[in-house]
Each structure stands twice: as C-alpha cells, then as structure tokens.
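Down below is the structure, laid out as structure tokens.
The values are calculated or read from the model by the stated rules, or taken from the named source; none is laboratory data. Values in this document were obtained by computation on a predicted structure and should not be read as measured data. Cβ coordinates were reconstructed from backbone atoms using ideal geometry, including for glycine residues, and neighbour counts include every protein chain displayed. Note: accessible area is taken over every heavy atom of the protein model, side chains too, but ligands, DNA and RNA are not part of it. Shrake-Rupley method; radii C 1.70, N 1.55, O 1.52, S 1.80 Å.
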Amino acid sequence: MNPPYQCLSRLGQSSILCAAKGASIHTFDLDDGYSHISSWAHPVTKQAENDRPSGTAQEDQDINEQEGEQPPLKRRRLRSDEKPNEEDKADQGETGAVEAAENGNGKKKKKKQKSEPHAQKTELPFVILLTTTEDGSHVVAVTGQDKTLWVFEHDGKGVLNELSPRVMPKRPSSIAIAADGNTILSADKFGDVYALPLVPSARTETPDAPDAAPSNVTAPSPAFKPAANRFTVHSKRNLKALEDQQRIMANRKDVPKEGPKIEYEPILGHVSMLTALATATADGKPYIITADRDEHIRVSRGVPQAHIIENFCLGHESFLDALCVPASRPEVLVSGGGDDELFVWNWKAGQLICKSDLLGLVKKVRPDTSRVAVSRLHSYDVGQNCYVIVTSELVPAIFIFELLQDTLQHVQTLNLPGYPLDTTTITSTERALRLVVAVDPLQSTRADLEAQEDIKIVGDAQSLLLFERNEAGNWAHCGGIQDTATGRIGLTREELENNLYPVEKLRKTEFDDDAKGGDSARDSIAPEPC
C-alpha cells in the first residue's frame, strides 16, 4: 500500500518542503517545479523487505497437488458373490491394524495436520512527529513504534544528512524546539517532558567525575563465578564439568556492556497523559506550555527553571490535542481538542479571552457529526493580519480563522478531496504565500473529487495539494505535488488508519470518568452565573 504524507514542515524561510510519508522523509522544492530533492527511509523498511517470506500461493498450491497425487488406500468394495483374495485380505488387515493402532479403538479418525508457524510481521515505525529549527538547519523527527528521535542536518539545498538516532524512555507524543534553538523538548504520554541537545556532544568520562555518566547507562554486570568448588562436588563427572567451566571463564575476556549514552534530562511532568507541547516567550523569558488528556493547560518557565509553574489555563471540558502560539501574537494561545469550541487565551495571565464555535462549521461539511477532534493548529500572517488553520480528524475540510483583538472569526471553509492530515504555509521571494495540505485521498472516489468545487482533478488523486490566495483573499487550489514511488508499506487499510487517526482515541469514556471520580477541569472552575 502506498501511504499518504502525514507530517509536513517547511525548512526555514526557503521554498523547500519537508514531508513524512510512512516510515520515510522527503524534501521538495516548490520553486523548481515541485521537484523531488532527496529522501530518507527508516532502516527497518529495508530489513522488512529482506525478511519477506519466499513462499507464495502458487508454491502452496503445488505442494497440495503433490500431496494429492498419493491418496490414502481405500478398501475395494466386493459383490456378495465375490470373495476377497489373499492380497486384499492382507491389505485390509494391515490397514485396519494401522488405524486401530492410531485410534486405539479401531475407529477411523482424521489426523490433524500441524500448521507451520507464520513469520512474525515486522511493525513499521511510522514518522508521527516532524519539526524543524527556525533557520531550517536541522530537522527533528520521531518514529513511534521504536520510540526513536532522529536529528537530520540540512545542507541548505534540500538534502538531509542523518546525525543521530536516540531512543527515548517512552514514546514521544509532542516535540518542540526551545527558544535557544539548540535544545529539543520531548513530551511523552506518561506525562514527562525531557530536554535534549539538538546535536549530541561527544562526551568522555573522566575518573574525577564518575557522576557525569548519564543516569540511563547500564552498569556492567559482575563476572560470572561458579558457586561450586573442588570440595563440594562428589563425582568425577561433576568435577570434570567444573574444571571445564573454570577453564572457559579464565580464557574469556569480559567486556563490560555499555548502554546508549543519551543525554536527556527530565524537566517537568504531569500526572496525566501529555498530548501537546508549545514554546513561547514573554518579556524576554522563555516558557513551556503543556497540555494533557485531563483538560489541563500548564504554563511553566523555560529551561533550566521548568519545574516552576507560572499558572494554569483551565476551562476545557474534554481532552486537549493541539496548541498554537502565533509568531505575530506571542501573548495569545489557541487551544483545541475534543471540545465543540476553540479556546483563545492570554496564557501569561491564565485568562480566557474568547471561544469560537467549531462543531457548527463541521456539521456543514458532515451533517452526521456530533463531536469534533482537533488534530492540528497552524498559524500564518498576511500583512498585519494573523490567521489560524484548524484541522479536525476525519473531516474532509480545513477551517480558516482570523485572530482579531479579542475574538477568533471564521473566514473560510476549504473543502478537500479527503481527510486532511497536516498543513503548512511556505513563503519565498519568487512567489506569494502558498498553503500545502497533506490529505488521505483514499477516502474519496473520483466522482466525489470532481464534485468538489474547490479542487480541479488532473490525473490520479494526490496526497499533497497546493493552494494560493486569490483576489478575494481566499485560498484556491493551484496544483499538487506528484507522489513518489518510494515509501510503500505492507499494511492493511485498517492498520494504516490506526496510525493516521489517533486523536479520537483520547476521548474519555463513561468508565474513565467514573473511575477518576469526575472531571477535574469542570470541578476546579466555579460555574458562571446565568
């Protein structure tokens, strides 16, 4: 199966787009005819191709035919006036003896054939998170199944060079680059946030500083020493075995096992599942904003004082999954998740500025929808105006809002030929602002695509769609990027959807609420007077 592109990011202020597809990462130049520049594939994908079983359906059929060429012996039915000869009696006697020996009671019993165990299927590590530094010099990606954080160096022309893979203690759920541009912040679903250097340093351990070793380095285990000795064995056989064991241990050179020397430091934590992470700056000081499944938004100080909590932004009644701090409005935070509205905050003061309805807009696209699950929030600027793009899971459209002084106003609903997975905007000196949307085109037929007024279909459905602003200030479809042949995976449609659409699974059930004893966010805020 050829998966769609699920994560997008731009490389600095250039026209180069970085897109993740399955377990691979690709770069494109949007100013050079949308040309493909380079690609990177996870090492496991190559191993999975080499480990494919060589047996095919045709080979299995041939084996069955060969087995069918020699059917079991059958007794020949005789007429009443015909007597069996000696050979028939012998054959019948041998056959009956064999059957009696197998069943024990002389009854015919069908033997069960043992099925050969199938080879274990390799779980492909999908790229679930993708971000870049502000200057576009480095790319950071996370593959979920193996919990690995990858750092790539960008040469400025679209080619990515792998620097370091680092396995995290738990699977990261959100990543961000700190304000200094040299630190990676990684949050996991166990509630912890870690700080890692963007480029790992080649540290050497010195005898004077034994505590400088990372806490996660595995200590060398002591050498094995047999518990028995020459005075405790009581036979020549055991004595010889003991001497052989001692001789082998004397000749073997023990090399202490060293774990991965990964530099990461836990800086803060929640008691709930962390789902979103963002960074902000106010009065020249860095801050870290985190959100969890229990409807909490916490504002903490930046590294190295991340353990200090400034305030909370409370008011959500369902899970959170997306946070956005616009570059032109750094004092504002937009949050979304399982609620019917989008929330706009003054995060420094912990005050709610306004709410903007989203469920009503979603129902215009999908009338049968009763709830939303915000999966992405992306901001961009056009002149002095600030806009926010909202993506809701399993809704074939994206929603454009303009961030005004004290409200979030809806300005456009952009229908799509599939479910959007990610969005980004790219500016360049040669062309105006462009919007790139990664969609899952397998959800719609060609008739549905042609029915879309906003999309013009040329050839096969594409996973990367491009839009430009028209004279009225709305986004209009202007083309797409041709899909690459690489990146195909051996997954079923159901397995692919489990990787592409995980947000709705964060919604709590009635059992979860009863086990916890109520909604903490609701109980912590006094109801407003009517």
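For the reader, a short list of remarks on this structure follows.
- Among residues of the range 162-178 that are without any contact (Cβ under 8 Å) to a residue 60 or more places away in the chain, those with a beta-carbon under 6 Å from a residue that is part of a loop (DSSP other than H, G, I, E, B) and surrounded by 16 or more Cβ atoms within 10 Å (Cβ to Cβ) at least six positions away or on a different chain give the pairs 171/144; 171/147.
- Residue check, residue 376 among the charged types (D, E, K, R) and closer than 17 Å to residue 291 by Cβ: yes
- Filter result (open to solvent by 90 Å² or more (accessible area, probe 1.4 Å) and either touching an Asp or Glu at 6+ places or on another chain (Cβ under 8 Å) or modelled with pLDDT of 80 or more (or both)) within the range 231-247: 236, 237, 240, 247
- Contact map, the range 322-348: residues that are over 20 Å from residue 361 (Cα atoms) paired with residues that are among the basic types (Lys, Arg) and not in a strand (DSSP E or B), Cβ distance under 7 Å, separation 6+ or inter-chain. Pairs shown: 331/348.
- Any hit, the range 135-144, residues being open to solvent by less than 10 Å² (accessible area, probe 1.4 Å), touching a Gly at 6+ places or on another chain (Cβ under 7 Å) and more than 15 Å from residue 43 (Cα to Cα): yes
- The one condition from (1) in contact with a Lys or Arg (Cβ under 8 Å, 6 or more places away or on another chain); (2) outside any loop (DSSP other than H, G, I, E, B) that residue 263 does not meet is (2).
- Scanning the range 479-502 for residues that are part of a helix (DSSP H, G or I), surrounded by fewer than 16 Cβ atoms within 10 Å (Cβ to Cβ) and at pLDDT below 65 turns up nothing.
- Unmet requirement for residue 464, which otherwise passes all of (1) more than 26 Å from residue 380 (Cβ to Cβ); (2) at pLDDT 85 or above; (3) open to solvent by less than 20 Å² (accessible area, probe 1.4 Å): (1)
- So residue 515, is it surrounded by 15 or more Cβ atoms within 10 Å (Cβ to Cβ), of a type outside the set (D, E, K, R) and at pLDDT below 90: no
- Qualifying positions in the range 299-323 - part of a strand (DSSP E or B), surrounded by fewer than 22 Cβ atoms within 10 Å (Cβ to Cβ) and of a type outside the set (A, V, I, L, M): 300, 301, 310, 311, 312
- The range 1-57, residues that are of a type in the set (Ser, Thr, Tyr), modelled with pLDDT under 90 and outside any loop (DSSP other than H, G, I, E, B): 45
- Subset of the range 124-155 (residues that are assigned to a loop (DSSP other than H, G, I, E, B) and touching a Ser or Thr at 6+ places or on another chain (Cβ under 8 Å)): 124, 125, 126, 136
- In the range 361-370, residue most open to solvent (accessible area, probe 1.4 Å) [restricted to those that are in a loop (DSSP other than H, G, I, E, B) and touching a residue at least 24 places away in the same chain (Cβ under 8 Å)]: 366
- Sole exception among (1) closer than 17 Å to residue 464 by Cα; (2) open to solvent by 20 Å² or more (accessible area, probe 1.4 Å) for residue 398, by number: (2)
- Among (1) touching a Lys or Arg at 6+ places or on another chain (Cβ under 7 Å); (2) on the phi > 0 side of the Ramachandran plot, the one test that residue 369 misses: (2)
- Some residue of the range 426-440 being at pLDDT 95 or above, in contact with a Gly (Cβ under 9 Å, 6 or more places away or on another chain) and over 18 Å from residue 478 (Cβ atoms): no
- On inspection, residue 373 qualifies as small (Gly, Ala, Ser) and either under 28 Å from the mean Cα position of the chain (by Cα) or open to solvent by less than 20 Å² (accessible area, probe 1.4 Å) (or both).
- Filter pass, residue 291 being part of a loop (DSSP other than H, G, I, E, B), open to solvent by less than 10 Å² (accessible area, probe 1.4 Å) and in contact with a Leu (Cβ under 6 Å, 6 or more places away or on another chain): no
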